[in-house]
Amino acid sequence: MHYKELVELYEKIESTSKRLEKTYLVSKFLKKTIVSDLSMIILLLQGRIFPSWDERKIGVATKMVIKAISKSTGRSVDTIEETWKKMGDLGRVAEELVKTKRQVTLFQTELNVKKVFDNMRKLTTLEGTGSVDHKVGLISELLTSASPTEARYIVRNVLEDLRVGIGEGIIRDAIVWANFEEEIKVNYDSETKAITPDDREQYNKFVNIVQEAFDVVNDFAKVARIAKEEGVEGLKKLELSVGNPIKVMLYQKVTVIADAFEKVGKPAALEFKYDGFRMQIHKFDGKIILYTRRLEDVTTQFPEVVEYVKENIDADSFILDSEAVGYDQKTKKYLPFQKISQRIKRKYNIGELANQFPVELNVFDIMNFNGENIIKKPFKFRREILEKIIKPVPYKIIYAKQIITSDEQEAQNFYEEALAAGEEGIMMKNLDGIYKPGSRVGYGVKVKPVMESLDLVIVAAEWGTGKRGGWLTSYTLACVDPDTGEFLEIGKVGTGIKELKEEGTSFGEMTELLKPHIIKEKGREVKIKPVVVIEVNYEEIQHSPNYSSGFALRFPRLIRLREDRRADEVSDIELIEDLFHSQRGRG
Ligand code: AMP
């Protein structure tokens with residue numbers, strides 16, 4: 001496929017803010033895409049070259065892209081930087097410069113999608129001496145053959161800053177429309193651009209089928225391919241397989257026990273809610289793989305967990321859900337997540353760090369057991385298996401502490417016991433609930449005393465003045481729209497960040513983290529690529545016309561950095577709406 005065709009689609013999608021219209025456009029495009037191009041197209045539509053769980057990133061700095069633009073257009077780096085300052089968008093700069101250059105050189109070879117994709121992937125593999133020149137060469141090779149509009153999107157693709165607003169929700173629905181158009185009877189009125197499925201119920205049924213297929217294989221490219229080649233039957237046959245990470249199940253939040261019982265029914269299973277980080281564990285063919293909640297492979301970082309799993313679980317193959325919690329060697333007290341978070345990213349001296357910050361694995365669910373998928377089996381059945389196969393050894397591996405009760409007083413006591421033990425609260429689970437990957441369905445709820453904290457991504461900041469000169473301060477925070485993948489601003493935080501490193505997360509540390517991701521500067525204000533995720537507390541959520549989410553946080557304060565969360569995993573706007581309404585209900 002010619003890259004031009006994809007670029008035409010990008011342009012059309014960018015020019016509309018209507019979700020349904022975007023879906024329609026993407027679906028038409030998927031329909032005409034041949035199967036062998038589907039994987040590439042699905043990724044590029046989302047501005048990616050690797051699936052979301054893949055750790056690899058293009059990681060090219062704007063400086064390098066400027067060099068590439070210079071090389072391919074013959075303009076000096078200074079001129080390009082000047083124009084960039086004026087226009088603010090490096091993609092547009094490339095477009096303009098290629099446009100002026102084209103008037104002199106009319107010769108051009110047609111770019112195809114595969115070439116663009118391959119060059120971008122190569123960017124991720126180069127390291128060491130000479131790699132910078134090589135990378136600049138790969139980008140400028142594309143720009144040299146690009147039309148002005150193609151240049152705009154090549155630059156945005158390479159900088160992983162596509163901004164056309166296609167998230168997983170739109171991809172999912174477009175797969176439905178592209179493959180099951182007849183069954184759902186989509187009406188498109190080309191005049192009003194109104195698009196409606198004829199039969200809502202039927203439509204939702206197909207959306208669910210595609211979503212469920214995605215939840216177990218975690219790969220839209222695969223889902224799109226199967227939908228195209230094998231239809232509904234093929235999708236229904238997709239099963240989770242040991243070794244392939246699946247999306248984790250999420251839990252709703254309540255603040256009082258009575259509400260929890262109302263959601264999950266009586267009797268319910270109550271468990272401690274451990275404050276660590278989630279670990280999905282796969283064992284097959286004698287191999288053990290550990291994935292984070294983001295589905296990154298952290299097997300090497302946690303050698304002791306691999307040992308515990310090998311030694312203390314009696315089964316040949318499985319997928320487990322668990323929480324790894326740090327504890328203090330001497331006092332044996334659990335440690336807050338922040339203490340052990342550095343282990344997730346560590347690539348060297350792993351053994352040393354493991355000795356310093358050991359973790360205990362608290363297993364709370366099992367999704368596959370000896371080759372059999374048991375996500376549709378009741379929770380009590382899955383828990384029985386856990387108890388059968390795990391030999392609990394405190395401070396190494398245990399199954400989550402659990403009681404089963406219908407009694408509110410007993411539940412309250414258990415909750416208080418958990419809080420006294422330094423846990424965040426408790427989980428309450430429906431005994432017959434299935435395991436639903438990727439979804440916040442309500443087969444389980446968490447009971448926590450405080451207002452739900454939010455994970456938000458930083459999209460802008462300000463250079464400080466006076467004592468804070470040289471530091472980025474006052475961070476603008478954003479949540480995500482799960483349909484479009486767009487980031488919606490929700491407030492600014494400057495509280496909770498320390499001036500000295502010893503006291504906690506400091507301005508210096510934040511500045512170091514944020515600086516490489518600056519996209520644009522104007523006076524003291526800087527725009528920042530959404531990469532750094534933080535957890536914040538606040539007093540209240542309010543309506544606000546000042547931020548694109550329509551909400552603002554009252555008195556936000558930073559709790560901690562969330563190195564384990566990616567930008568597209570931050571709290572979504574639906575959660576914020578729910579929280580907003582739940583607080584009003586209380587007041
Ligand atoms: P939250 O991160 O506040 O949405 O709470 C849900 C998280 O609690 C899950 O993602 C797990 O990482 C963690 N968790 C701790 N203990 C349990 C448990 N017993 N059952 C389920 N999740 C747990």
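The values are calculated or read from the model by the stated rules, or taken from the named source; none is laboratory data. Computed from a predicted model, the values in this text were never measured in an experiment. Every residue, glycine among them, receives a Cβ derived from its backbone with ideal geometry; neighbour counts consider all protein chains shown.
Would you confirm, using the coordinates I've provided, whether E486 is charged (D, E, K, R) and free of Cβ contacts under 8 Å to residues at least 12 places away in the same chain?
The answer is no for E486.
Considering each of V256, V264 in turn, give the residue that is more than 9 Å from the ligand (Cβ to nearest atom), buried (at least 16 other Cβ atoms within 10 Å of the Cβ) and either modelled with pLDDT of 90 or more or in the same structural domain as I366 (by TED's automatic domain parsing) (or both).
Among V256, V264, only V264 is more than 9 Å from the ligand (Cβ to nearest atom), buried (at least 16 other Cβ atoms within 10 Å of the Cβ) and either modelled with pLDDT of 90 or more or in the same structural domain as I366 (by TED's automatic domain parsing) (or both).
Answer yes or no: is there a residue in the stretch 344-363 that is at pLDDT 90 or above, within 14 Å of the ligand (Cβ to nearest atom), assigned by TED's automatic domain parsing to the domain that holds E304 and aromatic (F, W, Y).
no
If E168 passes every condition in (1) surrounded by 18 or more Cβ atoms within 10 Å (Cβ to Cβ); (2) under 30 Å from V136 (Cβ atoms) but one, which one does it miss?
(2)
Which members of the stretch 280-301 meet the condition of being touching a residue at least 12 places away in the same chain (Cβ under 8 Å), in contact with a helix residue (DSSP H, G or I) (Cβ under 7 Å, 6 or more places away or on another chain) and either within 17 Å of A354 (Cα to Cα) or away from the ligand (no atom under 14 Å from the Cβ) (or both)?
Once the filter is applied, which keeps residues that are touching a residue at least 12 places away in the same chain (Cβ under 8 Å), in contact with a helix residue (DSSP H, G or I) (Cβ under 7 Å, 6 or more places away or on another chain) and either within 17 Å of A354 (Cα to Cα) or away from the ligand (no atom under 14 Å from the Cβ) (or both), the stretch 280-301 yields K283, I288, L290, T292, V298, T300, Q301.
With the structure loaded, tell me whether G47 is on the phi > 0 side of the Ramachandran plot and without any contact (Cβ under 8 Å) to a residue 60 or more places away in the chain or whether it fails that test.
no
Here are F180, F206, F220: which of them is of a type outside the set (A, V, I, L, M), buried (at least 21 other Cβ atoms within 10 Å of the Cβ) and under 18 Å from the mean Cα position of the chain (by Cα)?
Every option except F220 fails the conditions.
Here's a check for you: in the stretch 129-167, which residue that is farther than 18 Å from V7 by Cα and assigned to a loop (DSSP other than H, G, I, E, B) is modelled with the highest pLDDT?
Taking the candidates together, the pick is G130.
Residue-by-condition table, conditions (1) part of a helix (DSSP H, G or I); (2) over 17 Å from V254 (Cα atoms); (3) in the same structural domain as M367 (by TED's automatic domain parsing); (4) of a type in the set (A, V, I, L, M):
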| site | (1), (2), (3), (4) |
| --- | --- |
| Q412 | yes, no, yes, no |
| Y415 | yes, no, yes, no |
| L419 | yes, no, yes, yes |
| I434 | no, yes, yes, yes |
| G438 | no, yes, yes, no |
| G442 | no, no, yes, no |
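Restricting attention to the stretch 326-339, which residues are of a type outside the set (F, W, Y) and surrounded by fewer than 21 Cβ atoms within 10 Å (Cβ to Cβ)?
Of everything in the stretch 326-339, those that are of a type outside the set (F, W, Y) and surrounded by fewer than 21 Cβ atoms within 10 Å (Cβ to Cβ) turn out to be D328, Q329, K330, T331, K332, K333, L335, P336, Q338, K339.
Restricting attention to the stretch 303-324, does a residue exist that is assigned to a strand (DSSP E or B), within 12 Å of the ligand (Cβ to nearest atom) and among the β-branched types (V, I, T)?
No, that holds for no residue.
Given the residues G496, G485, which is the only one that is in a loop (DSSP other than H, G, I, E, B) and crowded, with 21+ Cβ neighbours inside 10 Å?
Going through G496, G485 in turn, the sole match is G485.
Given T62, T124, which one is touching a Gly at 6+ places or on another chain (Cβ under 8 Å), surrounded by 14 or more Cβ atoms within 10 Å (Cβ to Cβ) and in contact (Cβ under 8 Å) with a residue 60 or more places away in the chain?
Being touching a Gly at 6+ places or on another chain (Cβ under 8 Å), surrounded by 14 or more Cβ atoms within 10 Å (Cβ to Cβ) and in contact (Cβ under 8 Å) with a residue 60 or more places away in the chain holds for just one of T62, T124, which is T124.
Please go through the stretch 356-396 and pick out each residue that is out of contact with any Lys or Arg (no Cβ under 9 Å at 6 or more places or on another chain) and of a type in the set (D, E).
E372, E384, E387, listed by residue number.
Return the residues of the stretch 211-247 that are outside any helix (DSSP H, G or I), within 23 Å of R565 (Cα to Cα) and not hydrophobic (A, V, I, L, M, F, W, C); say none if nothing qualifies.
Within the stretch 211-247, N218, D219, G243, N244, P245, K247 meet the criteria.
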